[in-house]
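Engineer: Here it is: the structure, laid out below.
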Amino acid sequence: MTRDVPFDWLWTNAKLATFDSRVEAPFGLRDGWALAVCGDTISAVLPSDAREVLEFHGEVIDCQGRLVTPGLIDCHTHLVFGGSRAIDWEMRLSGVPYTEIAKRGGGILSTVRATRALSEEELLASALPRLHALAAEGVTCVEVKSGYGLTLADELKMLRVAQRLSEQVPIEISPTLLAAHAVPPEFAGRTDDYVSLIANEIIPAAASANLAEAVDVFCESIAFSVEQCDRIFAAARKHHLGIKGHVEQLSNSHGAELVARHCGWSADHLEYIDDAGVNAMARSDSVAVLLPGAFYFLREKQKPPVEKLRAAGVPMAVASDLNPGTSPFASIRLAVNMACVLFGLTPEEALTGTTRAAAKALGRASRLGTIETGKQADFLVWDATHPAEIVCQLGVNPLRERVFRGKSTHART
Ligand SMILES: [Zn+2]
């Protein structure tokens, strides 16, 4: 009898790393299990010898013991941008600090000039190879920030590009408005006026056009103060947008506490977060997004307090921070590897950081990030038998099959 079986497809004989916190095994592992898909949804997760599996006569994919994980989620990127910052990097290597490059009008503002000069089509074309690189590694959902336009028109242009990326590549995009990334040159010395523009015009326009899900800020001595970020977050909440913050990257500005006070989705970077910040995040259930790529490229010495975040029970995500200046690489697997080697996360923590915790950092915990009945059918079949293999070995792509919303989008024969 097969008429009651709610499956279109079955992946059997899999080693499922579910990342389901209710499964009491490392990585939520279920060895020798099957995964059923109906439409774009996981309709069952069950042992391969279950009656429903044995009696199913539809399309079956035998995983032959291979590892299956949820689709990877890169929850912090700036992958839409114009130009290159290789010259910044060259300067930094010769000893010019990040803050000094920013003060000289380099850094973010040089990318702003290059991004403003490009049309929507040109920006889209330049972003696609980066997105393809992430998708080829198994990323099925990616957050994309604006923040290199810094005018109403240019911020909306970037967000439209972010939206159009998902028409070109089978991937889910989570668009974030980051108008408070830097003070644009035309507002030099008038930061409060620019904050007013963000709060009164850019946020309402992005919200009414449905171009952003969240609002982000760069809360730092070289960017925006806690008070200015507070005004921006208040405007974001008025328009029912999620809250995120680049905080405590170069110094402790107490931005994480501000994010927590606004019940933010995530506070990101956190190298200089103190105990009060950690405790505030634990109380608010905001996700700590760790970005080891920026730490590596900036050759920073101060690491985020992983042991304290772990002890306080703050969920930790890991992301590429893909951007032209401080983290110029399109590889979530490299970010996960760096989180282990540089920050001391376990492979299980780092992979949780690109699945379950990353989904939470994008307000998608109920729909993405784990292999569970009812979740969106985004998952990956790997030429691997243990999850640590996909973190440890770089330079070779062990991805065998990528399934996005129930459809196979990349298959190795
Ligand atoms: Zn960033």
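What follows is calculated from the coordinates using simple rules that are stated; it is not laboratory data. Everything numeric here is computed off the predicted structure, so don't read it as measured data. Quick reminder, even Gly has a Cβ in these numbers, built from the backbone with ideal geometry, and neighbours come from all protein chains shown.
Engineer: Suppose a student asked you for the relative contact order of the stretch 141-224, using Cα pairs under 8 Å spaced at least 6 residues apart; what percent would you report? Write out the running numbers ahead of the final one.
Structural biologist: On the way: 126 pairs, mean separation 28.7, N = 84.
Relative contact order comes out at 34 percent.
Engineer: Continuing with this model, one more query. Could you list D193, D20 so that the one with the fewest beta carbons within 10 Å of its beta carbon is first and the one with the most is last?
Structural biologist: With the sparsest Cβ surroundings first, the list reads D193, D20.
Engineer: To continue, here is another question. What lysines sit close enough to K238 to cross-link, taking a C-alpha to C-alpha distance under 28 Å and skipping anything fewer than 8 places away on the same chain?
Structural biologist: Within the straight-line limit of under 28 Å, K238 reaches these lysines: K145, K157, K360.
Engineer: Next question. Over every pair of different alpha-carbon atoms in the stretch 152-208, take the mean of 1/r and invert it; report that Kirkwood radius in Å.
Structural biologist: 12.5
Engineer: By count of other Cβ within 10 Å, fewest leading, how are T326, T41 ordered?
Structural biologist: Exposure proxy ranking, most exposed first: T41, T326.
Engineer: Once the convex hull of the alpha carbons of the chain is built, what does its volume come to per residue, in cubic angstrom?
Structural biologist: Cα convex hull per residue, to the nearest whole number: 132 Å³.
Engineer: So what's the stretch 270-409 giving for Cα Rg divided by 2.2 N^0.38 Å, two decimals?
Structural biologist: Scaled against compact globular proteins, the figure is 1.08.
Engineer: Here's a follow-up. Restricting to DSSP H runs of at least four residues, report the calculated mean residue ellipticity at 222 nm for the chain, -39500 (n - 2.57) per run over all residues, nearest 500 deg cm²/dmol.
Structural biologist: -9500 deg cm²/dmol
Engineer: Report the dimensions of the stretch 114-259 along its three principal axes from the alpha-carbon atoms, largest first, rounded to Å.
Structural biologist: Answer, in whole Å and largest first: 40, 29, 28 Å.
Engineer: Check cross-link reach from K15 to the aspartates and glutamates: straight Cα distance under 17 Å, and skip same-chain residues fewer than eight apart.
Structural biologist: Of all the aspartates and glutamates, those that pass the test against K15 - Cα under 17 Å, at least 8 places apart if same chain - are E24, D31, D49, D62, E348, E372, D378, D383, E389, E401.
Engineer: Within a Cβ distance under 11 Å of D20, other residues only, what is the Lys/Arg minus Asp/Glu net charge?
Structural biologist: +2
Engineer: Still on this structure, I have one more. What is the Rg over Rh value, at two decimals, for the stretch 1-67, using alpha-carbon atoms and the Kirkwood definition of Rh?
Structural biologist: 0.97
Engineer: Taking the stretch 95-164, how much of its Cα-Cα pair set, in percent, is spaced more than 20 angstrom apart? Mind dumping the intermediate values first?
Structural biologist: On the way: 971 of 2415 pairs.
Result for the distance tail: 40 percent.
Engineer: With +1 on each Lys and Arg Cβ and -1 on each Asp and Glu Cβ, and nothing else charged, work out how big the dipole of the stretch 1-131 is about its Cα centre, in Debye to the nearest 20.
Structural biologist: Details: 13 positive and 18 negative charges, 164 e Å.
My answer is approximately 780 debye.
Engineer: Return M338, M281, M91, M158 ranked ascending by Cβ neighbour count within 10 Å, so the fewest neighbours appear first. Kindly include the intermediate steps, with their values, before the conclusion.
Structural biologist: Details: M338 23, M281 27, M91 18, M158 31.
The order, fewest Cβ neighbours first, is M91, M338, M281, M158.
Engineer: I would also like to ask the following. Just want to confirm a number: the relative contact order over the chain, from Cα pairs under 8 angstrom separated by 6+ residues, in percent.
Structural biologist: After rounding, I find 19 percent.
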